[in-house]
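Read-outs: derived from the displayed coordinates by stated rules, not from any lab. Not measured: the values here are computed from a predicted model. When we count neighbours, we look across all protein chains shown, and the Cβ atoms used for this are built from the backbone with ideal geometry, even at glycine.
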Ligand SMILES: NC(=O)c1ccc[n+]([C@@H]2O[C@H](COP(=O)([O-])OP(=O)(O)OC[C@H]3O[C@@H](n4cnc5c(N)ncnc54)[C@H](OP(=O)(O)O)[C@@H]3O)[C@@H](O)[C@H]2O)c1
């Protein structure tokens, strides 16, 4: 039997790249999507293909318009001729204080976090149906509780939670759709002061950042959990249930 194939969007670096390596080691073939991080994507693909020949294919593209999303989906399906799973991981993340929000911010934040997951699910649905496939959406604990000055991002992730539940119903019984809601795993690439980081960690009962492995393990669980659909698994060290702020 040929290896199962997974498309992971935005997987040239950080959580997407770690997850790609993790699943590759478990035997998956990977469609590694990237937009701007060409060098990191090529290096990662080279390393994984060296470990197992022809097991990783690259697909480049912005996810900001429906036409571009369709191109990414088409190339991803053609890469190995099928998809068994899709991880909607690509995400833009930056503050949009009210008064400063532009149409470009809307296109970028709603485009990557909400529009792309929907249209990728739509374009990949036929191959996923054929293969009893799985969709995993990367959401955020801030889909349920707003992050100050990040209204557009939180709106988009919140819609992605509803999309997860709605598509889980619509695509059953063949395709399962779930989500992972990370808390603080990797600090954003934009600068955060040490004081800001300390403040965030004080809100986490387990008192540490999560590891990328914590996310990859939950993704692996969801890929295999045959009776789980429409669920969001929170991986946040208890932050979302914390009832007090640590001194
Ligand atoms: N990091 C955390 O602690 C954390 C916390 C909560 C939720 N999450 C969620 O977990 C997922 C992974 O997090 P992360 O921090 O590893 O992600 P990230 O580094 O912020 O973004 C992943 C990739 O998304 C791609 N991307 C962004 N906008 C795009 C667009 N318009 N079109 C196409 N690709 C685009 C970028 O690809 P290129 O570099 O190739 O352009 C980027 O490398 C995300 O969905 C994020 O929202 C993460």
**Report entry** Angle between the chain longest axis and helix 212-224 axis [Cα atoms, degrees, rounded to 10]
**Finding:** 50
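Note down the relative contact order for the range 67-175 as a percent, whole number, built from C-alpha pairs under 8 angstrom at least six residues apart.
35
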**Report entry** Segment residue 226-residue 43, length gained on full extension (0.36 nm per residue, minus Cα span)
**Finding:** 62.5 nm
Query raised in the report: Most exposed first by the Cβ proxy, i.e. fewest other Cβ within 10 Å, how do 80, 93 rank?
Result: 93, 80
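Classify the range 106-156: rounded, prolate or oblate, from the alpha-carbon gyration tensor (a ≥ b ≥ c, eigenvalue square roots; a/c under 1.5 rounded; otherwise prolate if a/b is larger than b/c)? Show your work: numbers first, answer last.
Numbers: a/c = 5.55, a/b = 2.14, b/c = 2.60.
The shape class here is oblate.
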Query raised in the report: Among rounded, prolate and oblate, which fits the range 5-241 when a ≥ b ≥ c are the square roots of the eigenvalues of its C-alpha gyration tensor, a/c under 1.5 means rounded, and a/b larger than b/c means prolate?
Result: rounded
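Sort the following peptides by mean Cβ neighbour count (other Cβ atoms within 10 Å, averaged over residues), highest first: 67-79, 223-235.
67-79, 223-235
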Query raised in the report: Mind checking the angle between helix 116-130 and the chain's longest principal axis? C-alpha axes, 0 to 90 degrees, to the nearest 10.
Result: 40
Report summary line: Yeah, the range 1-89 with a ≥ b ≥ c from its alpha-carbon gyration tensor (a/c under 1.5 is rounded, else prolate when a/b outruns b/c, oblate otherwise) is oblate
Query raised in the report: Peptides 183-190, 117-124, 162-169: what's the order by average Cβ count within 10 Å, highest mean first?
Result: 117-124, 162-169, 183-190
Report summary line: Length-normalised contact order of the chain, Cα under 8 Å, at least 6 apart, in percent, tallies to 17
Query - Candidates 41, 90, 144: whichever shows maximal mean-square fluctuation once the chain is modelled as a Gaussian network with Cα springs under 10 Å - result: 144
Query - Angle in degrees between helix 14-25 and the longest Cα principal axis of the chain, rounded to the nearest 10 - result: 40
Query raised in the report: If we sort 2-8, 46-52, 21-27 on the protection proxy, mean other Cβ atoms within 10 Å, highest first, what's the order?
Result: 2-8, 21-27, 46-52
